[in-house]
Amino acid sequence: MSKATDCAEGECSIDDVNELIVELKDQQKLLEDRLSTVVSMVDKLKHLNELEERKVDEVRQYVRDFLRVFTNDKPFVTPSGFSGDIGDGPTTAYDALPPKPYKK
């Protein structure tokens, strides 16, 4: 929205307005994608809730997934990469595996 502020405070040149239009169209596309995701999630939740043999655990898990889309909370588990340390620390292939016997 900085482009809108720049335009409001400045001369609103043709280039400024064109840049603002491009930015607004990008935002529109993002919002349309998110809206379609929400609509499909609502439909699925309705379907899960209206089943004759409603599985409470499945509905609960889906609601949790649904909430994750709308919250900005940090994840429960902090993702981390593999450190590569197993056992006594890093080793070379020669140290980890016994060498094969030499064939003549």
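Tell me which residues come under 5 Å, amide H to amide H, from C12 once H is placed; ignore anything under 5 positions away on its chain.
none
Using only the Cα atoms, work out Rg/Rh for the stretch 1-42, with Rh taken as the Kirkwood radius, to two decimals.
Radius of gyration relative to Kirkwood radius: 1.23.
Full-extension gain between K44 and E32, please, as 0.36 nm times their residue separation minus the C-alpha to C-alpha distance. The partial results should precede the final answer.
Numbers: separation 12, 0.36 × 12 = 4.32 nm, distance 1.84 nm.
Result for the pair: 2.5 nm of gain on full extension.
Measure off, as a whole percent, the carbon and sulfur share of the 1.4 Å-probe accessible area of the stretch 1-51, all protein chains present.
Values: 2350 of 4130 Å².
The nonpolar share, carbon plus sulfur, comes to 57 percent.
Starting from the Cα-Cα distance between S13 and E58, subtract it from 0.36 nm times their residue separation and give me the gain in nm to one decimal.
10.8 nm
The values are calculated or read from the model by the stated rules, or taken from the named source; none is laboratory data. What you see is a predicted model, and the numbers here were worked out from it, not measured in a lab. Ligands, DNA and RNA are stripped out before the accessible areas are found, and what is left, the full protein with its side chains, is counted by its heavy atoms. Shrake-Rupley method; radii C 1.70, N 1.55, O 1.52, S 1.80 Å.
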